[in-house]
Amino acid sequence: MSLPSQFKLLPEVVQFLSGGPFAGFVGGKDYPSSSGVLIATFDPGSSEKIGDIHDLSPAEVAGAVDVANQAFVQWAALSQKERGAILLKLADAVESRKAIIAQIEALEAGKIEAQAQGDVQNFVDTMRYFVKLAEGVHTRTKLDVPGHEAWVHKAPWGACGFIFPWNFPFLLIGWGISPALAAGNTVVIKPAEDTSLSAIYLARLAKEVGVPDGVINVVTGRGQTAGAALSANPRIKRMSFTGSPEVGQMVAEACGRNLVPVKLELGGKGAAVVFDDVDVNAVADKLVGAITFHTGQVCCDATRWFVHSKIYDQFIERCKESLSQVKIGHPLDPTSQMGPVVNPRQRARVLGYQERGQATGAQCIYGGGAATVPGLNGNYVKPALLTGPLDNVAAREEIFGPVAYVAKFDTEAQGIAMANDTDYGLANSVWTNDNARAARVAEAMVVGNSWINAHNVFAHGVPYGGVKKSGLGGGVLSPDVLMDYYRSTSVVRPIQ
Ligand code: NAD
């Protein structure tokens, strides 16, 4: 690749990227596609090619599932302590390579480098969290049943499938596979076409630190072939999908045909409901921070802002001022605050929603359109604020870019109704200094996650998931999700 010279890559990153084309990684070794077909990966910040990944066939994906099921026998037979020790070694190794992985992630996902470092650390913390939690799981729980000796036995399932999107490639792998591995399952990961490199790096690193072959496998390739083959494989014991609702439905259908349990973490159209008793400027700044964070490519973002009419004008003025100060630039430029969107298709999507929204009655009150960064041919867009009728396409559909739709409300009931008037149900926030009202409104939201005086809040131990079009059976980051990765057997002996 030929990145502009001001961006210095770590020697380890240069060495890694020069080792392409990148095959999948299965059974502890490279797993190339026999067809030789490759998919190119680009730096969204400059449109320079950074590598090629192998496009695995459905049969090759099936082979990877078989490898994972074979490896399961030994992995599940390890004691919790032994398994935990191996996973902690992996977490330590990832932490020690944080700068390298973050740079790979910044380059392929267009993520601001410092944010990518935070994502890698989150992976590490998540793995440590689930290893510790798994140590406390009782795999034999006695049941107090008259006339019987009875207990419930918990055991891991086997090979678990994971399909991930491109927006948080490495962090989502950590959230997904950590509970599965800690419980004793093996995993087959299908990363997004645009962002497979950090997954491959992880699988190689796992081998290096002694994770047994076949425990962490990566299959690269297209969603319609490799992804579809993974979700339709009857030998996958559990499936987890993170991505769009449209593909989530297909994955759930495929799993349903085999009665394979599936978790879906899908899109969102989150609301922020801002009451008139807040520090208006501070809330405006925080919501601007939320919508520009990772260029708005965040499933749980607040993209509908409902603001009390008494403070609306001040709020909008402050948002405009704050948005005007956001520096758009390459993810590896330490002064950049907002990077590009992931690919030209995503840029066309973001701009297309703005155009269609405005053609059907929305008004743009700030920004919008494509952005240019001198000397770089990246997929940059300007942040935008839209307003207008709430049935507008830009107010109802997930844009997945730095675009917020704003409207006024007067009463608490109105604010709640506006927030809930959506097909999605992922994450909303309420902003008020009245704690009783905050709790009331937060509970009235039909979403998986309700935040108070903050947006995008994640903590290990708090389940994160969606309802309605935003998900099914989710709740990542919590003890519940760890238990999903054990199947139950009740064992009963009648006592004479
Ligand atoms: P996507 O649904 O297009 O793709 C996601 C993954 O599915 C990719 O790996 C892709 O290759 C694969 N895929 C595509 N077609 C497939 C098929 N027919 N069968 C199986 N797999 C297939 O989503 P995207 O554009 O990569 O990501 C953006 C979406 O992800 C947004 O809707 C966003 O809100 C959502 N998301 C949700 C969460 C969450 O936790 N709820 C987190 C991140 C992203």
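The values are calculated or read from the model by the stated rules, or taken from the named source; none is laboratory data. Here the structure is a predicted model, which means the values were calculated and not measured. Cβ coordinates were reconstructed from backbone atoms using ideal geometry, including for glycine residues, and neighbour counts include every protein chain displayed. These area figures cover heavy atoms from the full protein model, side chains too; ligands, DNA and RNA do not enter into them. Shrake-Rupley method; radii C 1.70, N 1.55, O 1.52, S 1.80 Å.
Some points to look at:
- In terms of its C-alpha gyration tensor, the chain has an oblate overall shape, because the principal axis ratio a/c (a ≥ b ≥ c, square roots of the eigenvalues) is not below 1.5 and a/b does not outweigh b/c.
- FRET E, pair K89, T141, Förster distance 30 Å, beta-carbon r, rounded to 0.05: 0.50
- Percent accessible area from carbon and sulfur atoms, region 103-226, protein chains only, probe 1.4 Å: 55
- Using the Cβ-Cβ distance between V446 and Q121 with R0 set to 45 Å, the FRET efficiency works out to roughly 0.90.
- Potential lengthening of the chain between L78 and I495 amounts to 146.9 nm, from the contour at 0.36 nm per residue minus the alpha-carbon distance.
- Y366 contributes about 60 Å² of solvent-accessible surface, heavy atoms of the protein only, 1.4 Å probe.
- Spin-label pair A359-S324: with each label point 7 Å from Cα along the Cα-Cβ axis, the two points sit 3.1 nm from one another.
- Against the main long axis of the alpha-carbon atoms of the chain, helix 98-109 sits at an angle near 60°.
- Extreme residue, positive dipole direction of the chain, given options W175, G214, Q354 (C-beta unit charges): G214
- Once both labels are positioned 7 Å from their Cα atoms along Cα-to-Cβ, the gap between D276 and S488 label points is 5.1 nm.
- Calculated translational diffusion coefficient of region 379-476 (10 °C, 1.306 mPa s; Stokes-Einstein with Kirkwood radius over alpha-carbon pairs) equals 107 µm²/s.
- For the chain, the longest principal axis of the Cα atoms and the long axis of helix 80-96 meet at an angle of about 40 degrees.
- Ranking K154, K29, K237, K111 by solvent-accessible area of protein heavy atoms (1.4 Å probe, all protein chains present), from largest to smallest, gives K29, K237, K154, K111.
- When you filter the chymotrypsin sites (Phe, Trp or Tyr not before Pro) in region 377-442 for DSSP loop state and at most 15 other Cβ atoms inside 10 Å of their Cβ, nothing is left.
- Percent of beta bridges antiparallel (DSSP, the chain, rounded to nearest 5): 45
- Theoretical ellipticity at 222 nm over the chain - DSSP helices of four or more residues, -39500 (n - 2.57) apiece, nearest 500: -12500 deg cm²/dmol
- Between V393 and E208, the contour length at 0.36 nm per residue exceeds the alpha carbon distance by 61.7 nm.
- When the pairs K310/K469; K263/K469; K190/K286; K49/K89 are compared against a 22 Å limit on Cα-Cα distance, K310/K469; K190/K286; K49/K89 fall above it.
- The residues neighbouring R222, those whose beta-carbon lies less than 9 Å from its own, together hold a net charge of -2 under the Lys/Arg +1, Asp/Glu -1 convention.
- Annotation for D421 and D52: the two label points, set 7 Å from Cα along the Cα-Cβ direction, are 5.2 nm apart.
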